[in-house]
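The values are calculated or read from the model by the stated rules, or taken from the named source; none is laboratory data. Keep in mind that this is a model prediction, so the values were computed, not measured. Positions of Cβ are generated from backbone atoms using ideal geometry, with glycine treated the same way; all protein chains shown enter the neighbour counts. For the accessible areas, the whole protein counts, side chains as well, though only heavy atoms, and no ligand, DNA or RNA atoms are used. Shrake-Rupley method; radii C 1.70, N 1.55, O 1.52, S 1.80 Å.
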Amino acid sequence: MARQLYQLKGTKLLLVKANEQYHAVTDWIDKEIERITDQLHQETKIWLDEWPNIKATYEQDPIFHTTLSGSKIPRIALPPYQDWGELVKWKMKENLPGFFPYTAGVFPFKRTEEEPKRQFAGEGSPERTNRRFHYLTKDDSAKRLSTAFDSVTLYGEDPDTRPDIYGKIGESGVSIATIEDMKKLYDGFDLCAPNTSVSMTINGPAPILLAMFLNTAIDQQIEKFKEQHGREPDPMEREGIKAKTLQTVRGTVQADILKEDQGQNTCILSTEFALKMMGDIQEYFIEHKVRNYYSVSISGYHIAEAGANPITQLAFTLANAFTYVEYYLSRGMKIDDFAPNLSFFFSNGMDAEYSVLGRVARRIWSVVMKYKYGANERSQKLKYHIQTSGRSLHAMEMDFNDIRTTLQALMALYDHCNSLHTNAYDEAITIPTENSVRRAMAIQLIITRELGLAKNENPLQGSFIIEELTDLVEEAVLQEFERLNARGGVLGAMETAYQRSKIQEESMYYEMKKHSGELPIIGINIFLNPNGGGEVTKIELSRGTIEEKDEQIARLRQFHQQHRHEVDEALNRLKEVALHGENIFAELMNTVRVASLGQITKALYEVGGQYRRNM
C-alpha cells in the first residue's frame with residue numbers, strides 16, 4: 001500500500017510537469033492517494049512522515065567514526081531506499097537498532113563506556129576465584145563477572161570427605177557452601193556500583209545461591225554505613241539499606257530449570273517445585289523493586305553443547321521462555337512487572353544460522369510480547385549473552401581453537417550481543433591458565449577496538465544472505481513451536497523426552513558427519529598435522545588442590561559449629577513456609593545466614609521432593 005502511494009505521487013508529479021491536459025488523470029490520482037492514505041495504518045503514516053527527520057539525525061557528524069584515511073564510517077548505516085514500500089517493509093522486518101522489532105539490536109547504540117566482555121571463571125577456593133576475577137577485570141572500568149561453580153555446588157551439596165564429593169570440590173568451578181564463602185568470592189568488588197554486574201551460572205540450587213549473593217551485597221553496604229558513621233545502623237536504617245541495595249544491584253542468575261531437564265542435567269528438586277521457587281524469586285523481585293538484576297537467564301548454550309543444532313537451540317530456548325511467561329502470568333504477575341527481568345544465553349558455533357541467531361530471537365520475542373501479551377517497550381527487548389562454542393574446541397591442534405573462537409566472537413559482536421565470553425584455546429583440556437585467558441580476552445578486544453568495520457554497529461543490515469537467513473531461521477523456529485505445541489507444549493513434550501531425544505539425534509548426526517569427513521574440521525579430519533601429532537605440547541593443568549579441598553571442609557564445619565543453635569529453627573521455618581505455599585525465596589533470604597547449602601537442600605527435599613527423570 002505504501003509502495004502504491006509512493007508510485008501514485010510520483011506519477012502525478014510527472015503528469016503535472018508534462019502538460020496541463022492531464023487534469024482528469026491527476027484528479028483521479030488525487031482521489032486514489034486519498035483513498036490509499038486512509039487505508040494506511042496510522043503508525044505507518046506517522047513513521048513515513050518522520051523518516052526524513054530520523055535520517056537527518058543519524059547523518060550528523062558526531063555519529064561517525066573517522067578512519068586514518070579520513071573516511072567517515074557511520075556508527076549506524078541507513079538504508080538507501082526511496083520507495084515507500086521498501087522503506088515500510090524494512091521498518092517492519094528490520095528497523096534501526098533500538099526500534100521495534102529490534103532485529104538489529106535493542107539499543108540505538110552500543111555502550112562506549114564498557115566492553116561487552118564478560119569472562120566466565122571459577123576454580124578451587126573462593127579466594128582463588130576472587131584473584132582470577134580481579135585479574136580478568138583489572139584494566140576495565142566496568143567489572144562484569146561471570147561465576148562458574150563446581151559440581152558439588154551445582155548439585156546442592158556441601159563439601160565433604162565422602163569419596164564421591166571430595167574429589168570434585170573446587171574442580172571446574174568454585175566451591176561455595178555458605179554466605180561466608182560468597183563474601184570471600186566477591187571481596188574487593190562493590191556489588192552496588194553502577195559499573196559492576198555479577199552473573200552466576202547455577203540452576204538447581206539457584207534460589208539458595210542467589211539469596212547468599214543478595215545478602216552479601218546488603219552486608220557490604222551495611223559495612224560501608226558503619227565505616228562512614230562509626231556505628232551500627234538502627235533497624236529502620238538497616239531496612240533502608242536493604243531496600244536500596246536490592247533496587248541497585250546488577251547481574252544475572254541462570255536458574256533455568258527447564259533446559260536442565262532437556263540438556264544439562266543439574267536438576268535436584270522436582271520440576272514443579274523448582275518452577276514454584278522460580279516464581280517466588282520473581283514475585284520477591286517485583287515486591288522489592290529489583291529491576292537491575294535478571295531473575296533467570298533462559299539458556300540455549302547447554303542445549304547446543306549437548307548436541308542441538310542452532311535452530312533447535314533457539315526454538316527450545318524461546319519456547320522455554322514463553323513457558324515461564326505463561327507460568328508467571330498464571331500466578332497473577334503482570335507482564336511488564338517481570339518480563340524485563342528475563343535474559344537469555346546462547347552459544348555461537350560455526351554454522352551459518354549462528355550469524356542471525358540474535359536477529360531472529362529479538363524479532364520473534366518482540367512481536368510476541370507486543371501483539372500477544374500487550375507488553376511495553378522495555379519488555380519487548382530481548383537481551384542476551386553469548387559464549388563461543390565449547391564443542392568446537394578440540395584437544396588436537398589446540399592452537400587452531402583461537403581461530404574458530406575469533407570467527408564466532410566476530411559473528412556475535414556483529415549481531416549485537418549484549419555481553420560476550422570468548423573461550424580459551426586450552427579449554428578442551430583444562431580450566432584456562434592466565435596466559436590462555438588473556439589471549440581469549442584479546443580476541444574480542446581486538447575486534448571491538450582495532451577492527452575498522454566493527455566501528456559500524458549494524459554491519460549485517462542490508463546483506464541479501466543475512467536477510468534470507470533471518471527469514472529462513474525464523475520460519476524454522478516457528479515450525480518447531482508447532483511441533484512442541486502438538487505434544488502439549490514444553491512441559492508436555494518433556495514428559496515423553498521429546499527435547500532430549502531430538503538433541504541426541506542431532507548430536508549423533510554431527511558426530512557421524514565429523515567422523516566420516518563430510519563435515520570438514522581443520523586439523524581433525526582434514527589438513528592433518530604432517531608430523532602425525534607426535535610433538536607433545538606441555539600444557540599447564542589447573543586443578544583444585546588438596547589444601548583447598550580440606551580448607552573448604554574445615555570452613556564449613558566452623559560455620560556449622562557457629563550456627564548450631566539457630567539452624568534447626570531456621571530450617572523448620574523454611575519447611576513450614578514451603579508447606580503453606582508461601583514465598584520460599586523470601587524465607588531463604590533469612591535461612592542462608594545460618595544454614596549451609598547442603599543443609600538447605602536436604603530440608604527442601606523433604607517438602608518439595610527430589611528430581612526424577614521421566615523414562
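Could you list all residues from the stretch 427-440 that are among the aliphatic types (A, V, I, L, M) and open to solvent by 20 Å² or more (accessible area, probe 1.4 Å)?
Result: Ala428, Ile429, Ile431.
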- Go over the candidates Glu239, Glu260 one by one and state the one that is over 18 Å from Tyr155 (Cβ atoms), acidic (Asp, Glu) and assigned by the TED database to the domain that holds Ala319. Glu239
- Can you confirm whether the stretch 134-142 contains a residue that is touching a Lys or Arg at 6+ places or on another chain (Cβ under 8 Å), charged (D, E, K, R) and either open to solvent by 30 Å² or more (accessible area, probe 1.4 Å) or not in a loop (DSSP other than H, G, I, E, B) (or both)? yes
- Residues Leu484, Leu413, Leu478: which one is more than 20 Å from the chain's Cα centre (by Cα) and either free of Cβ contacts under 8 Å to residues at least 24 places away in the same chain or open to solvent by less than 40 Å² (accessible area, probe 1.4 Å) (or both)? Leu484
- Taking Asp164, is it open to solvent by 10 Å² or more (accessible area, probe 1.4 Å), part of a loop (DSSP other than H, G, I, E, B) and of a type in the set (Asp, Glu)? no
- Query: If we scan the stretch 287-307, do we find a residue that is farther than 30 Å from Gln228 by Cβ, among the hydroxyl-bearing types (Ser, Thr, Tyr) and touching an Asp or Glu at 6+ places or on another chain (Cβ under 7 Å)?
  - Reply: yes
- Hey, Gly492 hits all of (1) touching a Phe, Trp or Tyr at 6+ places or on another chain (Cβ under 9 Å); (2) over 27 Å from Pro126 (Cβ atoms); (3) of a type in the set (Gly, Ala, Ser); (4) in contact (Cβ under 8 Å) with a residue 24 or more places away in the chain but one; which does it fall short on? (4)
- Report, ordered by the first and then the second residue, all pairs with beta carbons closer than 7 Å, sequence separation of six or more or different chains, a first member in the stretch 265-286 that is farther than 16 Å from Leu574 by Cα and touching a residue at least 60 places away in the same chain (Cβ under 8 Å), and a second member that is open to solvent by 20 Å² or more (accessible area, probe 1.4 Å) and among the hydrophobic types (A, V, I, L, M, F, W, C). Thr266/Leu154
- Query: Are any of the residues in the stretch 391-411 closer than 23 Å to Ile63 by Cβ, touching a strand residue (DSSP E or B) at 6+ places or on another chain (Cβ under 6 Å) and of a type outside the set (D, E, K, R)?
  - Reply: no
- Please indicate, with yes or no, whether at least one residue in the stretch 85-93 is outside any loop (DSSP other than H, G, I, E, B), among the aromatic types (Phe, Trp, Tyr) and in contact with a Gly (Cβ under 8 Å, 6 or more places away or on another chain). no
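Could you tell me how many of the residues in the stretch 44-81 are free of Cβ contacts under 8 Å to residues at least 60 places away in the same chain and either over 32 Å from the mean Cα position of the chain (by Cα) or open to solvent by 80 Å² or more (accessible area, probe 1.4 Å) (or both)?
Applying the first criterion (free of Cβ contacts under 8 Å to residues at least 60 places away in the same chain) to the stretch 44-81 yields 44-64, 66, 68-72, 78, 80-81.
Within this subset, residues satisfying the condition of being either over 32 Å from the mean Cα position of the chain (by Cα) or open to solvent by 80 Å² or more (accessible area, probe 1.4 Å) (or both) are 44-46, 48-53, 56, 59-62, 66, 68-72, 80-81.
Residues that pass the stated criteria total 22.
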- Subset of the stretch 112-133 that is in contact with a helix residue (DSSP H, G or I) (Cβ under 8 Å, 6 or more places away or on another chain) and in a strand (DSSP E or B) - its residue that is modelled with the highest pLDDT: Gly124
- Task: Out of Ile600, Ile524, Ile553, report the one residue that is within 24 Å of Phe400 (Cα to Cα) and either touching a residue at least 24 places away in the same chain (Cβ under 8 Å) or in a loop (DSSP other than H, G, I, E, B) (or both).
- Result: Ile524
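Restricting the search to the stretch 550-574, which residues are hydrophobic (A, V, I, L, M, F, W, C) and either under 22 Å from Leu210 (Cβ atoms) or open to solvent by less than 40 Å² (accessible area, probe 1.4 Å) (or both)? Let's see the steps before the verdict.
In the first step, residues of the stretch 550-574 are kept if they are hydrophobic (A, V, I, L, M, F, W, C); the result is 553-554, 556, 559, 567, 570-571, 574.
Those that are hydrophobic (A, V, I, L, M, F, W, C) and either under 22 Å from Leu210 (Cβ atoms) or open to solvent by less than 40 Å² (accessible area, probe 1.4 Å) (or both): Ile553, Leu556, Phe559, Val567, Ala570, Leu571, Leu574.
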- Considering the stretch 167-200 alone, what residues qualify as being of a type in the set (Ser, Thr, Tyr) and either buried (at least 21 other Cβ atoms within 10 Å of the Cβ) or part of a loop (DSSP other than H, G, I, E, B) (or both)? Ser172, Ser175, Thr178, Tyr186, Ser197, Ser199
- Val577 passes all but one of (1) within 25 Å of Arg331 (Cα to Cα); (2) surrounded by fewer than 16 Cβ atoms within 10 Å (Cβ to Cβ); which number fails? (2)
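Residues Leu420, Leu393, Leu329, Leu382: which one is surrounded by fewer than 23 Cβ atoms within 10 Å (Cβ to Cβ), closer than 24 Å to Ala304 by Cβ and of a type outside the set (Asp, Glu)?
Numbers: Leu420 fails: surrounded by fewer than 23 Cβ atoms within 10 Å (Cβ to Cβ); Leu329 fails: closer than 24 Å to Ala304 by Cβ; Leu382 fails: surrounded by fewer than 23 Cβ atoms within 10 Å (Cβ to Cβ).
Exactly one of Leu420, Leu393, Leu329, Leu382 is surrounded by fewer than 23 Cβ atoms within 10 Å (Cβ to Cβ), closer than 24 Å to Ala304 by Cβ and of a type outside the set (Asp, Glu), namely Leu393.
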